[in-house]
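Novice: Quick one: the structure is below, questions incoming.
The values are calculated or read from the model by the stated rules, or taken from the named source; none is laboratory data. Because the structure is predicted, anything quoted here is derived from the model rather than measured. Neighbour counts run over all protein chains shown; Cβ positions are idealised from the backbone, glycine included. Remember, those area values only see protein heavy atoms, side chains included, never the ligands or the DNA or RNA. Shrake-Rupley method; radii C 1.70, N 1.55, O 1.52, S 1.80 Å.
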Amino acid sequence: MITFIIRRLLVSIPVFLGITVIVFVFIALAPGSIVDALLRPELGYDPAAEAAIIKRYGLDQPLHIRYIRWLANSLQGELGYRVASGAPVSSEVLRGLKNSTTLTGTAMLLGISIGIPLGVLSAVRQYSKADFVLTGVTFLGISLPSFMLGLGGLYLFGLKLRLVPIGGMMTIGKEPNFLDFLRHLVLPALILGFGYMAIFLRYTRAAILEVVHLDYIMTARSKGVTGAVVLLRHAFRNALIPIITLIGLSIPEVVGAAVVTETVFGWPGLGMMMVEGIQDRDFLLIMGVTLVLALTVLVSNMLTDVAYAYADPRIRYN
Amino acid sequence: MPTHGFDTTEMAVSEVAPPSVVQIVGPVGVSPGRRALGRFLRHRLAIVGLITIGLIILLAIIGSQEAALTMNLKMGFTNQPPGKLPGYLLGTDALGRDILARTIVGGRVSILVALFSVSISTGIGTIVGVTAGYLGGWVDLALMRFVDIVLSFPVILLLLVVAYLIGPGLVQMILMIGFVTWARGARIIRGQVVALREMAFIEAARVIGISDIRMVMTHILPNIIAPLVVFATFGVANVIVFEASLSYLGLGVQPPTPSWGNLLHVTRVVSVLERHTWLWVPPATMIVLMVLAVNFVGDGLRDAFDQRSVSDD
Amino acid sequence: MKKQIWFSTVVAVIASLMLASCATPAPAPVVEAPAAVPATEAPAAVPATEAPAAVPATEIPATEVPALRDTMIAAWVGPCCNGNDWVTPMDSGGDAHWFSKIYSRLTTFEVLDPIKQVVDYDSNSGVYGKLTGDLAESWAVSDDKLTWTFNLRKGVTWHDGVPFTAKDIKFTVELCFNPKNTMNPCHYVAAANGVVGVEEYKTEKATEVSGVKVVDDNTISFTFVKANSLFPVTINELFILPEHTVGKIKPEGMKEAEYWKTSQIGTGPFKWVKWEAGVSTELAAFDNYWRGKPKLAKIIRRHFEDTAAALIAFDAGEIQFTYITADEVARERENAEAVVHPGNSGVDNAMQFNSTKYPVFGNIEVRQAIMHAIDRQGIIDNVYEGAASMVSCLYGLPNLNAGVKPQQYDPALAKELVKPFAAELAKLPELQFDTYYADPLSLNVMTAIAQNLKDNLGLNLKPMQMTDGAAWTKRYYKDNASDVSFFGAANGPTGDRGFSYFHSDNAYPIGSNGVTGRFYKNATVDQLLTDARADFDTAAQDAKYQQVCEITKNELPNMYVWQTVRFHVVSKKVNDIIIIPAAGGGSYYDAAELWTVNE
């Protein structure tokens, strides 16, 4: 086990580097550069400004030199400054990370806390009306694109029903307060949460069914409700394994998946930041966000694999 | 999982679900295939789903491309609600085009993109996953780390660059989506294969001396068909919604070719969202029906393949 | 047992990770201005005796005086603005209307009839109105017409109390021309390109721009190499920056300087308070603003990524004004709480066919045919719902295009004109019709154009919205890879705008002439443009530009189709606001110090 972990850690380093190289190359492959992003088409063209920008960001250097320079700086903690605002990339990325994690983390919590009980219910009453209704409603939330759910939700719950504020993380001009923050959080988290709800519902249901469906019915009939509940608890423990793995696998998404929702709601997280970075061809910002993404993926995948290997002794990696 | 966002871990659980999920060839009696079919047929929602899908596909095939693209830029023809103009059952859009025709043809595009891109993604995922899982060792290590790289790649950047390099167009879009979604499948398949590899009957076969290829074809593949099929089914539903999200970022199917995704894009104008509801309700309804149907079919398939979940035999 | 412990730990770790991030809201680091900047001298305040005679409270029933809010929150989204939530006053083409809250310019425009503009909108009304002084009170040109002297307003101070002088102007101009300045591009200084000494300064042969002279604290002069009658107009886009603060920042570190995020100082009605990244920027009233203390205490710019979300926030009363596209206007006109403010955008939409890739488009007859083959009025009426007006050439202002009529929609004539080229046209493949506009309205417009061209000329255009601006810029400018493009071009504020597009001295990449390979050279046009610049007789100058208009309409170096109207929507609770959608946010007096918001 220990050797496995150590070996994984060692391998992660070249993987990490590989990710940075490939992303760096891709940014260079993208059509246009910072120059093209900064110059506004409507006002004509300014070659002197272009020359200055190229010089400033070293865009005329060969690609490998630029990469090495970036790598050298990053290893010293110097992630550079954003093209758009000149703010330091490291603080921007940390800010975005915090905001993204809050949003997607809450969505996941919602998904778990609603999806799992619904899944249990659905399993216990398989093929019943309740089962159909619950699965149907949850799936409704994942069958429409998030920008539509977002705008529609803002329109319905924000404008028409005045239940939630319209976008942003806090009310502008007011003192930061937790309740206000929650009111801003609830709609985007709910929309994102639908996806998690659907999955956790589905898999809880499957896992429980797998073990106890028949026995549950029989036990309930013979031993009464309490016996059945005990059995259910046992079945639930079985469901824990896939659920935990699911959580582990979802963690990377917490970082960068909610691009559309963040954009619609104006939630300043990493997803939004990545979009802005790409629009600006801001390679320093994109690399900064990628670092966070890559780190999260590597760590969570490793944890999951370790958990898996630990769980089933037959599956050892040699 | 924000399945309508940029990722799906639909089948994630199967990665570590105990091998009991994997179907093993059982004792005599009704063939397992037959039994699976029986279980599927019991899942009423799945049947409904199947029928719905069939109907939608049928409609998509007979829809008229020309009707979907013909504009009518005359006063009194643009933005007409349903029933106002004779012959335009669902009304017209801002350019006087027939909403009904566009919705139907849009379905054709969306479904085609979904089917093909999922095929590609499942194909690549299976090849990589089986290779990694079966061969193990450093091949496994290398391949799975490559999968890690793909998973940590910022999706939008990838899509943007790929779109730029290979151009706009349906075929390119299919390739792009396939390329973006295969990594999950690879991880799942590989997990399954690894679980299988350690099982007794594989050991037995190895002792007998069956060649690797034979092993994969006859023992491994049939036993991963189940999670594979389920993954693909949910994948189709996800891609349909994913394509719509891509339209929001300007990366989806390019108009004037309609797709359910870019038809929904009109909801970005509040006026349309609130007043010209006939512009987006038809494609929205179709997407919902289709995704629900596919999800129910997927559920049914999974129940069917999972031996112990149904109270029969 | 061990397994369970392991799993519990994993769960615990993951759960605590999530809890930790969920625990506290994560507001952006609030970057605040240093508190209480002391005024260094007694402000030129209105003496107490001038305070309006207080009407005894008993005489006015409380209900008649509307309670006023002290803060306005608004969204600066759409084509006016840069899309980033933070830009600098040296940035090109965006957010000018936002920056005019903080900074002032030498001159500005007075909107001619703001009320009529709203109520009785005429798309041909001059968007730029009348030139009026801002920081400059008056200006005059020397006898030899080469030197412009500006007399500056007295008593103007910066937000920190330091007096504004002519040195600040020279500093701003030189900073913007400074090749080491990393705040690129400093777009608005281009108006001063012809000043003596600029070239030497840009190439670092000189340490100052010799043609800009600080005559005394309140007088500054600009000496040109060649006479330029339009300078007072074109300079009105340059925001004046303070030497005593910005001068302390090294040009090489200008962009990263914390100053821009914490304590920008200007002479405008509102001063910088704080910026919350990704969320909002806050300004507070500057008591000593020379036009008078602002009635509002605070203005907050709220950041939106999505224009529909901004509009919904407006409808919900969370913000007091925002920008809307033409397709949202009908609905907002029915909103009793809102007033729609239309205005000329000052931007023409234009099409360009790449004649390097497809030489057949190099023929004038083909281009003329295309202009006749597009039902421009039909598109304006049905797709824009009237929110545009045809243009005959680049110039949208009536004094510049008088007497020049746009090509009429005439499919028969179009077919006639292309007859000699029919074979070549038939060989054309499907052409990608690209644009950087991202909105559904533009897509519909382009689809309609494509349909017209298909029906009338058999051309196959496929609209392609490249919402990624950088990709479009590269495709159009650098690679010359576009087939057909649809884009916008600022058409004013003076006819001198045509200089960059049409004068043969401005071959791409120096200017914008010939971007897609078809370099335009017409000696008459060259002469007209050069002479017009030096012409101090308005009527004669206008006549020259009208001629340029006529010639370019016939020769079609670019194909300008129409000038769009753009819209803002303002809450009914806001009083005394003048708001027009001029190009880039424009340069005009919007009465910001008079704005009030009812409760």
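Novice: Calculate the length of the line joining the C-alpha centroid of the stretch B:158-193 to that of the stretch C:342-380, in whole Å.
Specialist: The stretch B:158-193 and the stretch C:342-380 have Cα centres spaced 38 Å from each other.
Novice: So which of A:LYS55/A:LYS98; C:LYS170/C:LYS474; C:LYS167/C:LYS293; C:LYS419/C:LYS521 end up more than 28 Å apart, counting from Cα to Cα? Don't jump to the answer; show the numbers that get you there.
Specialist: On the way: A:LYS55/A:LYS98 33 Å; C:LYS170/C:LYS474 35 Å; C:LYS167/C:LYS293 25 Å; C:LYS419/C:LYS521 26 Å.
Among A:LYS55/A:LYS98; C:LYS170/C:LYS474; C:LYS167/C:LYS293; C:LYS419/C:LYS521, the Cα-Cα distance tops 28 Å for A:LYS55/A:LYS98; C:LYS170/C:LYS474.
Novice: Can I ask one more? With each label point set 7 Å from Cα along the Cα-Cβ vector, what nm distance links C:GLU334 and A:SER222?
Specialist: According to this spin-label approximation, the distance is 6.7 nm.
Novice: Any idea what the relative contact order of chain C is, in percent, if you count C-alpha pairs under 8 Å spaced at least 6 apart?
Specialist: Taking the mean separation of contacting Cα pairs over the length of chain C, I get 20 percent.
Novice: Given a cut-off of 21 Å, what percent of all Cα-Cα pairs of the stretch B:124-215 lie beyond it?
Specialist: Numbers: 1847 of 4186 pairs.
Value for the stretch B:124-215: 44 percent of Cα pairs lie more than 21 Å apart.
Novice: Based on the Cβ-Cβ distance of B:ILE225 and C:ASP217, what FRET efficiency does E = 1/(1 + (r/R0)^6) give at R0 = 60 Å, to the nearest 0.05? Can you show the working numbers first?
Specialist: On the way: r = 86 Å, r/R0 = 1.44.
Calculated transfer efficiency: 0.10.
Novice: Which residues, if any, in the stretch C:424-453 lose at least 10 square angstrom of accessible heavy-atom surface (probe 1.4 Å) when the other protein chains sit next to their chain rather than the chain being alone?
Specialist: At a threshold of 10 Å² (probe 1.4 Å), the residues of the stretch C:424-453 that become less exposed are C:GLN432, C:TYR436, C:ALA438, C:PRO440, C:LEU443, C:ASN444, C:THR447, C:ALA448, C:GLN451.
Novice: Could I ask something else about it? Which of the residue pairs C:LYS101/C:LYS130; C:LYS180/C:LYS271; C:LYS154/C:LYS226; C:LYS357/C:LYS405; C:LYS116/C:LYS271 have a Cα-Cα distance greater than 23 Å in the structure shown? Don't jump to the answer; show the numbers that get you there.
Specialist: Working: C:LYS101/C:LYS130 20 Å; C:LYS180/C:LYS271 28 Å; C:LYS154/C:LYS226 30 Å; C:LYS357/C:LYS405 30 Å; C:LYS116/C:LYS271 31 Å.
Check vs 23 Å cut-off fails for C:LYS180/C:LYS271; C:LYS154/C:LYS226; C:LYS357/C:LYS405; C:LYS116/C:LYS271.
Novice: Next question. How much length is gained if the chain between C:GLN377 and C:LEU131 is pulled fully straight, taking 0.36 nm per residue apart and subtracting their Cα-Cα distance, in nm to one decimal?
Specialist: 85.4 nm
Novice: Once the whole set of protein chains is in place, how much accessible area is left on A:LEU79, using a 1.4 Å probe, in Å² to the nearest 10?
Specialist: Roughly 30 Å² of A:LEU79 is accessible to a 1.4 Å probe.
Novice: At a 1.4 Å probe, which residues in the stretch C:472-502 are at least 50 Å² less accessible with all protein chains present than in their chain isolated?
Specialist: C:THR473, C:LYS474, C:TYR477, C:LYS478
Novice: If you don't mind, there's one more thing I want to ask. State the percentage of accessible surface on the stretch C:180-231 attributable to carbon and sulfur atoms; use a 1.4 Å probe and exclude ligands, DNA and RNA. The partial results should precede the final answer.
Specialist: Values: 1170 of 2230 Å².
Carbon plus sulfur share of accessible area: 53 percent.
Novice: A further question follows. Could you go through the stretch C:560-566 in sequence order and give the Karplus-derived ³J(HN,Hα) for each residue, using 6.51 cos²θ - 1.76 cosθ + 1.60 with θ = phi - 60°, rounded to whole Hz, and x for Gly and Pro?
Specialist: 8, 9, 7, 10, 8, 9, 10
Novice: Just the number, please: buried accessible area between B and A, total of both chains, 1.4 angstrom probe, nearest 100 square angstrom. Don't skip to the answer; put the middle values down first.
Specialist: On the way: alone 16120 and 18360 Å², together 27510 Å².
Answer for the B-A pair: about 7000 Å² buried.
Novice: Can I ask one more? Restrict the search to the stretch C:302-336; then list the GluC sites (Glu not before Pro) that DSSP places in a loop and that have at most 12 other Cβ atoms within 10 Å of their Cβ. Mind dumping the intermediate values first?
Specialist: Values: sites: C:GLU305, C:GLU318, C:GLU328, C:GLU332, C:GLU334; in loops: C:GLU305, C:GLU318, C:GLU334.
Answer in residue order: C:GLU334.
Novice: What does the net charge come to around A:ALA28 if you take all other residues with beta carbon closer than 14 Å to its beta carbon, with K and R at +1 and D and E at -1? Before the final figure, lay out each step's value.
Specialist: Values: positive: A:ARG66, A:ARG69, A:ARG281, C:LYS474; negative: A:ASP36, A:ASP60, A:ASP282.
Around A:ALA28, the charge tally is +1.
Novice: For an R0 of 56 angstrom, estimate the FRET efficiency from the Cβ-Cβ distance between A:ARG7 and B:VAL281 and round to the nearest 0.05. Present the calculation step by step, with values, prior to reporting the outcome.
Specialist: On the way: r = 55 Å, r/R0 = 0.99.
Given R0 = 56 Å and the Cβ-Cβ separation, E is 0.50.
Novice: Oh, and also: Relative to the isolated chain, which residues of the stretch B:140-157 have their accessible area cut by 30 Å² or more in the presence of all protein chains (1.4 Å probe, heavy atoms, no ligands or nucleic acids)?
Specialist: Residues losing area: B:LEU141, B:ARG145, B:ASP148, B:ILE149, B:SER152, B:PHE153, B:PRO154, B:ILE156, B:LEU157.
Novice: Using label points projected 7 Å from each Cα along Cα→Cβ, tell me how many nm separate A:ILE54 and C:THR524, to one decimal.
Specialist: My value for the distance between the label points is 3.8 nm.
Novice: May I ask you to give the solvent-accessible area per residue for the stretch C:152-256, in square angstrom, as obtained with a 1.4 angstrom probe? Show your work: numbers first, answer last.
Specialist: Values: 3900 Å² over 105 residues.
Dividing the accessible area of the stretch C:152-256 by its residue count gives 37 Å².
Novice: Counting Lys +1, Arg +1, Asp -1, Glu -1, what net charge surrounds A:VAL264 among other residues with beta carbon under 10 Å of its beta carbon? Please report the intermediate quantities before stating the final value.
Specialist: Numbers: positive: B:ARG268; negative: A:GLU262, C:GLU305, C:ASP306.
Computed value for this residue: -2.
Novice: Determine the gain in length on full extension of the stretch C:LYS248-C:THR538; use 0.36 nm per residue of separation and subtract their C-alpha separation, reporting nm with one decimal.
Specialist: Working: separation 290, 0.36 × 290 = 104.40 nm, distance 4.20 nm.
Full extension from C:LYS248 to C:THR538 adds 100.2 nm.
Novice: Summing Lys, Arg as +1 and Asp, Glu as -1, what charge do residues with Cβ under 14 Å from the Cβ of B:VAL281 carry, B:VAL281 excluded? Show your work: numbers first, answer last.
Specialist: Working: positive: B:ARG102, B:ARG275; negative: B:ASP93, B:GLU274.
Around B:VAL281, the charge tally is 0.
Novice: I want to check the label-to-label distance for A:LEU182 and B:VAL48. Put each point 7 Å from Cα in the C-beta direction and report it in nm to one decimal.
Specialist: So the label points at A:LEU182 and B:VAL48 sit 3.6 nm apart.
Novice: Which of the aspartates and glutamates could a cross-linker bridge to A:LYS174, judged by Cα under 16 Å and excluding same-chain residues fewer than eight apart?
Specialist: C:GLU32, C:ASP70, C:GLU276, C:GLU282, C:GLU318
Novice: Nearest 100 Å² is fine: how much accessible area is buried between C and A, summed over both sides, with a 1.4 Å probe?
Specialist: On the way: alone 26810 and 18360 Å², together 38910 Å².
In total, chains C and A hide about 6300 Å² from solvent.
Novice: Rounded to the nearest 500, what is chain C's calculated 222 nm mean residue ellipticity when only DSSP H runs of at least 4 contribute -39500 (n - 2.57) each, over all residues? Kindly include the intermediate steps, with their values, before the conclusion.
Specialist: On the way: 20 runs with 168 residues, N = 599.
Helix contribution divided over all residues of chain C: -7500 deg cm²/dmol.
Novice: What FRET efficiency would be calculated for the residue pair A:VAL299, A:LEU94, taking the C-beta separation as r and a Förster radius of 22 Å, to the nearest 0.05?
Specialist: Values: r = 17 Å, r/R0 = 0.76.
It comes to 0.85.
Novice: For C:LYS202, which aspartates and glutamates qualify as cross-link partners when the Cα separation must be under 18 Å and same-chain residues fewer than eight apart are set aside?
Specialist: Straight-distance partners of C:LYS202: A:ASP46, A:GLU50, C:GLU174, C:GLU252.
Novice: Here's something else I'd like to know. When 1/r is averaged over all different Cα pairs and the result inverted, which Kirkwood radius in Å belongs to chain C? All intermediate terms of the calculation are to be shown ahead of the outcome.
Specialist: On the way: mean 1/r = 0.0379 Å⁻¹.
Radius from the Kirkwood sum: 26.4 Å.
Novice: Now a separate question. Kyte-Doolittle mean at least -0.5 and Cα extent at least 27 Å along the axis: which DSSP H helices of chain C qualify? Please list the in-between numbers first.
Specialist: Details: long enough: C:2-23 (30 Å, 1.29).
Going by DSSP H runs, the hits are C:2-23.
Novice: Work out how much length A:LYS174 to A:LEU75 would gain on full extension: take 0.36 nm times their residue separation and subtract the Cα-Cα distance, in nm to one decimal.
Specialist: Details: separation 99, 0.36 × 99 = 35.64 nm, distance 3.97 nm.
The A:LYS174-A:LEU75 span can extend by a further 31.7 nm.
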